[in-house]
Structure formats: C-alpha cells, structure tokens
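Undergrad: Starting off with a structure, shown below.
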Amino acid sequence: MSRWSPASALLILALIFAVDTVTTPSPSPQQGTAELSPQQFLEQLLFVVAPIEQWCGPSRLGTATGFFFVNEERLYFVTNRHVVRDEEHRLYPDKLRLRLHTNVQDHTQNDNYDISLYRNGISVWREKPGLDLAAIEIPRNDVERFVIKALPPSLFAPTDLVIGPGDDVIIIGYPRGFSDTLHNYPVIRVGAVASAYPTPFQGKPLFLVDARLHPGTSGSPVLAKPSTTWRTLQGTSVTGLSTFFLGVNSGEFFFGGESLGLNGIWYAAEVQAITISSFRTASFPQQ
C-alpha cells in the first residue's frame, strides 16, 4: 500500500471521479475537490459498482456485486472469487451479466454487459490462493458506451491515517439483488470497523465490519464513511470532503453455526496486488 502525505486527501475526489472516469475526458487534478458538492460526491459513488447476475448457459444462478478498479492504466472488474467459481456449493457460472448506465444525464437508461469467464475453455479472472477475490480485465473499448467510474489505488487510506474499531464505513451493493431498479442505483449500508485495523484478522489480510448485510453484497466495495475531517498518527487533521477505499466484502462470519453479524473485508491492497501486470494467477478449465 503506497504512502501519502495528509495533503494528498484534498485531491482524492478529482483522482477517483475524474482521472478514472472511463467515458469522459479527464480534467486537471488542480481542479481539486471543492468543485464537487457533498451531494455530487455521493452521487458519483453510485457509478462505481454494478449488479451481477451469474449465468451458466441459459440458467441464472444467483446475484452478487462488483466494482470497477483501475491499476497501471488498465481497467478491471472486481468481485469475490466465489462469485466466479464456487466449488463448495458447486456453482460454476460461465458468464457474469452486469447492468450499466448508458446516459450520463438520464439514469433510467441502462443496458446489459456480459463478461465471459472463460476463453478457449480456460478461466480469465485473476485470483490469489486463499483470498476470496477475483479481478477480470475489461477492454476499455468494450465499455465506451457506458457511464462508469473506477476506483484507483490512490484512494487507499494513507498509512498514517487513524482508522479504529467503531469507525463508520459504507458498503455499496445489491443485497439479494435488491436496488432502485428504475435508476439502477445500489443500496448503501452503514457499518462499523469491528476488529483492529490494519491488523490481519486471524493472520489473513482482512478485517471485520459490524453491519447488516445479505447475500448479494458479496464483492461490494467498503469505504470509510465520507467525512471532512480525518485524524493522523501525528495528531494532525486532514480536511476536505473525502473517503478512502478500505476493502471488499466477502461474506458473513459464523461461529458454532450461529450468525455473528460480522463480515470479512479483504484489504484493498490485495485488489492492487492481483491487478499489477507482473502478477501470475492460477487458471481453471471450464466445467
């Protein structure tokens, strides 16, 4: 995870919602965050995620959530590994169907975009053993007609930012496929950090969030709740409306067969790790 100076937070919104806008030209970062009102800021978050339908041939298997991510100028669609291949439940989709906006002004205009999970019988997603994450590279010219935003690594929390148990987070997704279907808007749930951050929980690169989530939010991005003031380890404050990409929701934790209301969130740095050009992934034959 790259290190920032606190002042970098002032440029976050210009970086995430301008530089990594896929369908419009990029304004200069010097335009800064002041040009986005709080309402505009929240509206932009709605274009980061997409609802997923899992399909195998003519059969619809289930729903999930994913989001767009940019690394090394390449565009990826990120979700959980169990969304693309779930050996435990014997679910083997061959494509993901997304619903994406097609008009920047009229959000009721949407269309499907299908992602094939296999090419020549071999899986196309990237994954890291032991992590419930999958990233699929998307050719930019394939999505030119859609209105989408992509999270960049520059949105990671600075290493000197204080994020602790009880701090608020937002989880953006489609619980059980539920959403504002007229506008194709996701649902935003609020939760709280429930384990030591950024300590790996039980030795795994994840932390816990206390939130009421449902199946279908697998693959949802988890962000720090937007705020105008942030604390640093040096005791200083970062000001300016901003948020930080913290991780990816994987699913609920159970203990003794009982639901704990706790969800595992893979750290955002793991998304960057599997999307660098030098990363080598395992591959799987189509079922």
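Undergrad: Is it true that G264 is in contact (Cβ under 8 Å) with a residue 60 or more places away in the chain and either closer than 20 Å to H82 by Cβ or under 14 Å from the mean Cα position of the chain (by Cα) (or both)?
TA: For G264, the condition - in contact (Cβ under 8 Å) with a residue 60 or more places away in the chain and either closer than 20 Å to H82 by Cβ or under 14 Å from the mean Cα position of the chain (by Cα) (or both) - is met.
Undergrad: Yes or no: I276 touching a residue at least 40 places away in the same chain (Cβ under 8 Å), assigned to a loop (DSSP other than H, G, I, E, B) and closer than 20 Å to A135 by Cβ? Before the answer, list the steps.
TA: Values: touching a residue at least 40 places away in the same chain (Cβ under 8 Å): yes; assigned to a loop (DSSP other than H, G, I, E, B): yes; closer than 20 Å to A135 by Cβ: yes.
So I276 passes the test.
Undergrad: Look at S8 and say whether it is of a type in the set (G, A, S), over 20 Å from the mean Cα position of the chain (by Cα) and at pLDDT 55 or above. Can you show your working first?
TA: On the way: of a type in the set (G, A, S): yes; over 20 Å from the mean Cα position of the chain (by Cα): yes; at pLDDT 55 or above: no.
Criteria not met by S8.
So that you can scan it fast, the table gives a plain yes or no per residue for (1) among the aliphatic types (A, V, I, L, M); (2) more than 30 Å from H107 (Cβ to Cβ):
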{"position": "A150", "(1), (2)": "yes, no"}
{"position": "P165", "(1), (2)": "no, yes"}
{"position": "T181", "(1), (2)": "no, no"}
{"position": "P186", "(1), (2)": "no, no"}
{"position": "S195", "(1), (2)": "no, yes"}
{"position": "Q202", "(1), (2)": "no, yes"}
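Undergrad: Next question, about the same structure. Pairs, please: C-beta under 9 Å, at least 6 apart or cross-chain, first residue free of Cβ contacts under 8 Å to residues at least 24 places away in the same chain and under 17 Å from R280 (Cα atoms) and in segment 115-126, second of a type in the set (S, T, Y) and not in a strand (DSSP E or B)?
TA: Qualifying pairs under 9 Å: V124/S283.
Undergrad: Can you find a residue in segment 219-231 that is closer than 30 Å to R85 by Cβ, in a loop (DSSP other than H, G, I, E, B) and in contact (Cβ under 8 Å) with a residue 24 or more places away in the chain?
TA: Yes - at least one qualifying residue is present in segment 219-231.
The values are calculated or read from the model by the stated rules, or taken from the named source; none is laboratory data. Every value quoted in this text rests on a predicted model; they were computed, and no experiment measured them. Glycine gets a Cβ as well: all are built from the backbone with ideal geometry, and neighbour counts include every protein chain shown.
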